[in-house]
């Protein structure tokens, strides 16, 4: 059953005009997400010919979306790569064990369900009321690295998106004293795997809409997802407030992550401040601390580039490295 079929099936009460409009909206959204993923894969060389990509599937909106888009790219890319979906069943009480296997079998996806009772370990080690994310994620990473090795996976794909990266940046600045975020591509803790985040350029609000249209069988995380006082949740709400009240601010922040100017920060190990000396040459940006861009550069940001791409590339076949993914 395709995503569009699922989407149409749940909207039988709509008029033909409404259904046509929603189908148009869904197709446009899907093109945009595919293009963002294709661009990230190209920019960071995430997937290469012959790769076996282990897609970590949690049952949430992000990993479902990631799997769906990678499956599309697998069909149209000029290179050959394998996909295998892996879910870690952490034995949380009430976890619906049948949901993911049923969905993946229906979709014809190669998958593995790994059963490890990390839930009991986390509950035993973490005092009641304390956040469980740190230990939970550490245990989960170790298991996934082991499974990737057993499967012969060359890449491990995670479903983190642009907003996750911005939240992590703010968390590190506020609570960690570091200018650090989630990189789109990195080497795993044990040095044995390459971890990729193909949704690095995708907006969470687009993923939310896509997931709702596709009607994925979402499984909530009852272990940590329900903890309301997490620092990350506070930062998420702050960023969402900015996005609502100051259009373009989030886009500008993410652009800043891609335009680092070491000479205008304060890390003396990253930039050689000690050897700076006046040489009599004009330096246009030397003492300019704030580059004030025209507000409309980002206020008008939305899908203007998406609309241009749709007009230029609609109906064209696409490959993994091109920008007009349709």
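The values are calculated or read from the model by the stated rules, or taken from the named source; none is laboratory data. Keep in mind that what you see is a predicted model, and the values were worked out from it rather than measured. For neighbour counting, all protein chains shown are included, and Cβ atoms are generated from backbone atoms with ideal geometry for every residue, glycine included.
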Checklist entry - Which residues, taken from segment 121-135, are in contact with a helix residue (DSSP H, G or I) (Cβ under 9 Å, 6 or more places away or on another chain), part of a helix (DSSP H, G or I) and either modelled with pLDDT of 90 or more or over 24 Å from residue 208 (Cα atoms) (or both)? => result 121, 122, 125, 135
Checklist entry - From the list 50, 59, 142, 94, which one is within 22 Å of the chain's Cα centre (by Cα) and in a loop (DSSP other than H, G, I, E, B)? => result 59
Item to check | Failed criterion for residue 121 (all others in (1) surrounded by 18 or more Cβ atoms within 10 Å (Cβ to Cβ); (2) more than 18 Å from residue 54 (Cα to Cα) hold) | outcome: (1)
Checklist entry - Can residue 89 be described as over 19 Å from the mean Cα position of the chain (by Cα) and over 28 Å from residue 208 (Cβ atoms)? => result no
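Results for (1) at pLDDT below 95; (2) touching a helix residue (DSSP H, G or I) at 6+ places or on another chain (Cβ under 9 Å); (3) within 20 Å of residue 82 (Cα to Cα); (4) surrounded by fewer than 19 Cβ atoms within 10 Å (Cβ to Cβ), shown as yes or no for each residue.
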{"site": "10", "(1), (2), (3), (4)": "yes, no, no, yes"}
{"site": "17", "(1), (2), (3), (4)": "yes, no, no, yes"}
{"site": "23", "(1), (2), (3), (4)": "yes, yes, no, yes"}
{"site": "27", "(1), (2), (3), (4)": "yes, yes, no, yes"}
{"site": "31", "(1), (2), (3), (4)": "no, yes, no, no"}
{"site": "34", "(1), (2), (3), (4)": "no, yes, yes, no"}
{"site": "38", "(1), (2), (3), (4)": "no, yes, yes, no"}
{"site": "46", "(1), (2), (3), (4)": "no, yes, yes, no"}
Checklist entry - Are there any pairs, at least 6 apart or on different chains, whose C-beta atoms fall under 6 Å, with the first in segment 186-210 and surrounded by 13 or more Cβ atoms within 10 Å (Cβ to Cβ) and the second part of a loop (DSSP other than H, G, I, E, B) and modelled with pLDDT under 95, and if so, which? => result 195/188
Checklist entry - Could we say that residue 69 is part of a strand (DSSP E or B) and either in contact with a helix residue (DSSP H, G or I) (Cβ under 8 Å, 6 or more places away or on another chain) or free of Cβ contacts under 8 Å to residues at least 60 places away in the same chain (or both) here? => result no
Checklist entry - Which one of these does residue 260 not meet: (1) surrounded by 14 or more Cβ atoms within 10 Å (Cβ to Cβ); (2) modelled with pLDDT of 90 or more; (3) part of a loop (DSSP other than H, G, I, E, B); (4) out of contact with any helix residue (DSSP H, G or I) (no Cβ under 6 Å at 6 or more places or on another chain)? => result (1)
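One line per residue, one yes/no per condition, for (1) in a loop (DSSP other than H, G, I, E, B); (2) touching a strand residue (DSSP E or B) at 6+ places or on another chain (Cβ under 9 Å); (3) at pLDDT below 95:
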{"site": "153", "(1), (2), (3)": "yes, yes, no"}
{"site": "156", "(1), (2), (3)": "no, yes, no"}
{"site": "160", "(1), (2), (3)": "yes, no, no"}
{"site": "163", "(1), (2), (3)": "no, no, no"}
{"site": "166", "(1), (2), (3)": "no, no, no"}
{"site": "175", "(1), (2), (3)": "no, no, yes"}
{"site": "190", "(1), (2), (3)": "yes, no, yes"}
{"site": "208", "(1), (2), (3)": "no, no, no"}
Checklist outcome for this item: Those residues of segment 230-257 that are without any contact (Cβ under 8 Å) to a residue 40 or more places away in the chain and under 17 Å from residue 172 (Cα atoms) come to a total of 4
Checklist entry - Just one of 73, 67, 57, 83 is within 18 Å of residue 206 (Cβ to Cβ), at pLDDT 95 or above and in contact with a strand residue (DSSP E or B) (Cβ under 9 Å, 6 or more places away or on another chain); which is it? => result 67
Item to check | Single unsatisfied condition, residue 216 versus (1) without any contact (Cβ under 8 Å) to a residue 60 or more places away in the chain; (2) in a loop (DSSP other than H, G, I, E, B) | outcome: (1)
Checklist outcome for this item: Residue hits (segment 21-47; more than 19 Å from residue 204 (Cα to Cα), out of contact with any strand residue (DSSP E or B) (no Cβ under 7 Å at 6 or more places or on another chain) and in a helix (DSSP H, G or I)) are 21, 22, 23, 24, 42, 43
Checklist entry - Looking at segment 137-147, is at least one residue modelled with pLDDT of 95 or more and in contact with a strand residue (DSSP E or B) (Cβ under 7 Å, 6 or more places away or on another chain)? => result yes
